[in-house]
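The values are calculated or read from the model by the stated rules, or taken from the named source; none is laboratory data. In this text the structure is predicted, and so the values were computed from the model without any measurement. Virtual Cβ from ideal backbone geometry, glycine too; neighbours counted across all protein chains shown. The protein model used for the area step is the full one, side chains on, heavy atoms only, and it has no ligands, DNA or RNA in it. Shrake-Rupley method; radii C 1.70, N 1.55, O 1.52, S 1.80 Å.
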Amino acid sequence: MISIHTITKPSTFQFHPKRPSRKPPKTLAPIHALLQYNRKPQLAGDTPRVVVITSGKGGVGKTTTTANIGLSLARLGFSAVAIDADVGLRNLDLLLGLENRVNYTVVEVLNGDCRLDQALVRDKRWSNFELLCISKPRSKLPLGFGGKALIWLVDALKNREEGPPDFILIDCPAGIDAGFITAITPANEAVLVTTPDITSLRDADRVTGLLECDGIRDIKMIVNRVRTDMIKGEDMMSVLDVQEMLGLPLLGVIPEDTEVIRSTNRGYPLVLNKPPALAGLAFEQAAWRLVEQDSMKAVMVEEEPKKRGFFSFFGG
């Protein structure tokens with residue numbers, strides 16, 4: 001049976017055979033290779049890094065990715081602001097459990113009804129993570145709101161008194177209409193979320209072209225809702241197939257996990273679960289790679305060792 005697994009870039013800290021005292025026990029080696037938590041990731045690139053999280057197709061997990069990546073960055077010690085750019089169907093505040101704390105939005109800031117710091121909602125669990133909503137549900141945006149207004153907003157975050165955040169994450173609405181164009185305008189990086197089905201891949205390919213036309217060349221993808229049992233049964237495309245079709249660097253592979261639904265309904269992101277779920281660990285590793293501007297590779301293995309589970313995606 002043909003299956004796939006992924007190999008992550010090894011940690012910069014390497015164990016030398018000439019120093020047996022520093023070599024970990026063999027039983028800990030897979031855990032060390034999987035989690036890479038022996039050091040703090042090094043922030044690459046100029047800050048603040050403006051990253052748009054998009055897909056083209058709706059329902060593939062953009063908002064879930066934004067929430068979990070954002071809180072993972074905060075847990076790694078970096079400051080992050082997540083902007084919910086989905087005007088008509090705002091959901092990021094629900095996934096974060098902050099829906100009752102959104103009193104002001106960007107519309108009130110533009111109208112002069114409040115200050116920018118009043119519209120920013122600081123997370124109650126991690127103070128270095130903040131949420132900013134464009135508007136309230138079922139409200140109408142000003143006719144002049146567009147890409148230039150979002151650029152002004154990002155510039156205001158860069159120049160605020162307490163200092164700019166390390167990351168500005170923009171949760172892009174579905175589709176490729178005006179809302180999409182507005183969301184990608186201030187970004188210089190993109191995370192493309194897709195699932196291993198042909199409809200999602202076609203939309204992702206179209207969005208990749210639009211991002212490149214807008215000057216965004218740093219595009220990485222997250223493959224969401226991966227089921228190894230269906231891949232083994234050849235009922236689902238493998239991650240390697242997805243990567244070959246889209247030709248994008250791979251930021252993360254997220255398994256299908258029932259904990260996603262539970263965490264969504266509770267307003268409690270997966271990465272905060274104890275013990276962590278497999279999907280939560282995958283989001284944390286994706287955040288790690290985002291910090292260091294790293295990627296992972298999908299590798300096809302013709303003969304799979306016995307008793308190999310989903311951890312094979314991470315090289316474990």
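Only one of the numbered conditions (1) modelled with pLDDT of 95 or more; (2) not in a loop (DSSP other than H, G, I, E, B) is violated by Ala149, and that is (1). May I ask you to list the residues in segment 221-237 that are open to solvent by 10 Å² or more (accessible area, probe 1.4 Å) and either closer than 10 Å to Ala298 by Cα or of a type outside the set (D, E, K, R) (or both)? Those that are open to solvent by 10 Å² or more (accessible area, probe 1.4 Å) and either closer than 10 Å to Ala298 by Cα or of a type outside the set (D, E, K, R) (or both): Asn224, Thr228, Met230, Ile231, Gly233, Met236, Met237.
Taking segment 275-296, which residues are without any contact (Cβ under 8 Å) to a residue 12 or more places away in the chain and touching a strand residue (DSSP E or B) at 6+ places or on another chain (Cβ under 8 Å)?
Our first condition is that a residue be without any contact (Cβ under 8 Å) to a residue 12 or more places away in the chain; within segment 275-296, this holds for 275-276.
Across segment 275-296, there are no qualifying residues.
Assessment of segment 238-254 against the conditions (of a type in the set (A, V, I, L, M, F, W, C), surrounded by 16 or more Cβ atoms within 10 Å (Cβ to Cβ), closer than 22 Å to Arg39 by Cβ and touching a Pro at 6+ places or on another chain (Cβ under 7 Å)) yields no matching residue. Residues that are touching a strand residue (DSSP E or B) at 6+ places or on another chain (Cβ under 9 Å), crowded, with 24+ Cβ neighbours inside 10 Å and in contact (Cβ under 8 Å) with a residue 40 or more places away in the chain are absent from segment 255-274 altogether.
Taken over segment 171-180, the criterion of being modelled with pLDDT of 95 or more and either open to solvent by 10 Å² or more (accessible area, probe 1.4 Å) or part of a loop (DSSP other than H, G, I, E, B) (or both) is satisfied by Cys172 alone. Of all the criteria given as (1) within 12 Å of Val52 (Cα to Cα); (2) open to solvent by 10 Å² or more (accessible area, probe 1.4 Å), the one not satisfied by Ile168 is (2).
Given the options Val191, Val102, Val154, Val107, name the one that is over 30 Å from Pro249 (Cβ atoms), touching a strand residue (DSSP E or B) at 6+ places or on another chain (Cβ under 8 Å) and in contact (Cβ under 8 Å) with a residue 24 or more places away in the chain.
Values: Val191 fails: over 30 Å from Pro249 (Cβ atoms); Val154 fails: over 30 Å from Pro249 (Cβ atoms); Val107 fails: touching a strand residue (DSSP E or B) at 6+ places or on another chain (Cβ under 8 Å).
It is Val102.
Of everything in segment 115-137, what is part of a loop (DSSP other than H, G, I, E, B) and surrounded by fewer than 23 Cβ atoms within 10 Å (Cβ to Cβ)? Give them in sequence order. Before you say what the answer is, go through the steps one by one.
The initial filter retains those residues of segment 115-137 that are part of a loop (DSSP other than H, G, I, E, B), namely 115, 120, 123-128, 134-137.
Result: Arg115, Leu120, Asp123, Lys124, Arg125, Trp126, Ser127, Asn128, Ser135, Lys136, Pro137.
So which residues in segment 284-314 are at pLDDT 90 or above and over 16 Å from Val239 (Cα atoms), if there are any at all? Selection gives Glu284, Gln285, Ala287, Trp288, Arg289, Leu290, Val291, Glu292, Gln293, Asp294.
Count of segment 202-215 residues, restricted to those that are surrounded by fewer than 20 Cβ atoms within 10 Å (Cβ to Cβ) and not charged (D, E, K, R), is 4.
Any residue in segment 37-55 that is in contact (Cβ under 8 Å) with a residue 12 or more places away in the chain and part of a helix (DSSP H, G or I)?
Let us first name the residues in segment 37-55 that are in contact (Cβ under 8 Å) with a residue 12 or more places away in the chain, namely 38-45, 47-55.
Narrowing the set further to residues that are part of a helix (DSSP H, G or I) leaves none.
Within segment 37-55, none of the residues are in contact (Cβ under 8 Å) with a residue 12 or more places away in the chain and part of a helix (DSSP H, G or I).
Residues in segment 98-114 that are part of a loop (DSSP other than H, G, I, E, B), out of contact with any Gly (no Cβ under 9 Å at 6 or more places or on another chain) and of a type outside the set (Ser, Thr, Tyr): Val102, Asn103, Asn111, Gly112, Asp113, Cys114.
Residues that are part of a loop (DSSP other than H, G, I, E, B) and buried (at least 24 other Cβ atoms within 10 Å of the Cβ): does segment 66-85 have at least one? Scanning segment 66-85, I find at least one residue that is part of a loop (DSSP other than H, G, I, E, B) and buried (at least 24 other Cβ atoms within 10 Å of the Cβ), so the answer is yes.
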